[in-house]
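Peer 1: Got a structure here, written out as C-alpha cells. Questions coming.
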Amino acid sequence: VQLQASGGGLVQAGGSLRLSCLGSVRTFSRYVVGWFRQAPGKEREFVATISWSISGTYYTESVKGRFTISRDNAKNTVYLQMNSLKPEDTAVYYCAASLDGSITAAPGAYSYWGQGTQVTVSS
C-alpha cells in the first residue's frame, strides 16, 4: 500500500490543523494506521494510532485531549485532527500502516510509510 499524507502547514499556537492519510488500496480498512512525527534533531516519535475496526485508538500522553485520530474507510482515509497546537508540536508528521492487526506505538511494527507533511506552530 502507498500512503499520501497531507494537510500540514503553518499555524499560530492555539490553532488547529487536520492531517489526512490516503491509502492506495481498497483493502486499506484492514490496516492499523498510525501517525508519527519527527522534529529537527530529534528521533521519530509516536503520536496516535487507530485500529482497522475504528474501536481502538491510542495516543501519546502529550497529545491526549488535543488530538483526535479517526478514519473514513469508505474514503480510504485516516485523519488526525490537531487542536490547541503548541510550538513543541512542530515537526514533520508521517502516517504509517500495518497489517499486524494490533494497535501499537512501535514504529518498527509498521511496514508502510507515507512521505510526511510539515507542521509548523508559531508562538
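Peer 1: Within the range 36-53, count every residue that is outside any loop (DSSP other than H, G, I, E, B) and open to solvent by 10 Å² or more (accessible area, probe 1.4 Å).
Peer 2: 4
Peer 1: Could I ask something else about it? If you go through the range 45-52 one residue at a time, do you hit one that is at pLDDT below 95 and either over 11 Å from the mean Cα position of the chain (by Cα) or closer than 22 Å to Q2 by Cβ (or both)? Step through it out loud before you land on a result.
Peer 2: If we filter the range 45-52 for residues that are at pLDDT below 95, which is where we start, we get 51-52.
Going one step further and asking which of them are either over 11 Å from the mean Cα position of the chain (by Cα) or closer than 22 Å to Q2 by Cβ (or both), we end up with 51-52.
Checked against the condition, which is being at pLDDT below 95 and either over 11 Å from the mean Cα position of the chain (by Cα) or closer than 22 Å to Q2 by Cβ (or both), the range 45-52 yields at least one hit.
Peer 1: Let me ask something else. Take V33 and tell me if it is in contact (Cβ under 8 Å) with a residue 24 or more places away in the chain, closer than 16 Å to L99 by Cα, touching a Gly at 6+ places or on another chain (Cβ under 9 Å) and not in a strand (DSSP E or B). Quick ask: steps written out before the conclusion?
Peer 2: Working: in contact (Cβ under 8 Å) with a residue 24 or more places away in the chain: yes; closer than 16 Å to L99 by Cα: yes; touching a Gly at 6+ places or on another chain (Cβ under 9 Å): yes; not in a strand (DSSP E or B): no.
Here the answer is no, as V33 does not meet what is asked.
Peer 1: Could you check the range 19-29 and list, in sequence order, the residues that are surrounded by 16 or more Cβ atoms within 10 Å (Cβ to Cβ), among the hydrophobic types (A, V, I, L, M, F, W, C) and farther than 19 Å from V121 by Cα?
Peer 2: Within the range 19-29, C21, L22, F28 meet the criteria.
Peer 1: I'd like the full set of residues that are of a type in the set (S, T, N, Q), in a strand (DSSP E or B) and open to solvent by less than 50 Å² (accessible area, probe 1.4 Å), limited to the range 71-97. Walk me through how you get there before you give the answer.
Peer 2: In the first step, residues of the range 71-97 are kept if they are of a type in the set (S, T, N, Q); the result is 73, 76-77, 81, 83-84, 90.
Applying the additional criterion that residues be in a strand (DSSP E or B) yields 77, 81.
Once the filter is applied, which keeps residues that are of a type in the set (S, T, N, Q), in a strand (DSSP E or B) and open to solvent by less than 50 Å² (accessible area, probe 1.4 Å), the range 71-97 yields only T77.
Peer 1: Every residue in the range 98-123 that is touching a Cys at 6+ places or on another chain (Cβ under 8 Å) and either open to solvent by 60 Å² or more (accessible area, probe 1.4 Å) or among the hydroxyl-bearing types (S, T, Y) (or both), please.
Peer 2: Taking the range 98-123 as the starting set, the residues that turn out to be touching a Cys at 6+ places or on another chain (Cβ under 8 Å) are 113-114.
Selection gives W113 alone.
Peer 1: Yes or no: the range 2-18 includes at least one residue that is exposed (fewer than 13 other Cβ atoms within 10 Å of the Cβ) and either modelled with pLDDT under 95 or touching a helix residue (DSSP H, G or I) at 6+ places or on another chain (Cβ under 9 Å) (or both).
Peer 2: No, every residue in the range 2-18 fails to be exposed (fewer than 13 other Cβ atoms within 10 Å of the Cβ) and either modelled with pLDDT under 95 or touching a helix residue (DSSP H, G or I) at 6+ places or on another chain (Cβ under 9 Å) (or both).
Peer 1: Have a look at V32, V63 and point out the one that is under 15 Å from the mean Cα position of the chain (by Cα), closer than 18 Å to A5 by Cα, open to solvent by less than 20 Å² (accessible area, probe 1.4 Å) and of a type in the set (A, V, I, L, M). Walk me through it before giving the result.
Peer 2: Numbers: V63 fails: closer than 18 Å to A5 by Cα.
Just a single option satisfies the conditions, and that option is V32.
The values are calculated or read from the model by the stated rules, or taken from the named source; none is laboratory data. Not measured: the values here are computed from a predicted model. Cβ coordinates were reconstructed from backbone atoms using ideal geometry, including for glycine residues, and neighbour counts include every protein chain displayed. Heads up: the accessible areas ignore ligands, DNA and RNA and are worked out on the full protein's heavy atoms, side chains in. Shrake-Rupley method; radii C 1.70, N 1.55, O 1.52, S 1.80 Å.
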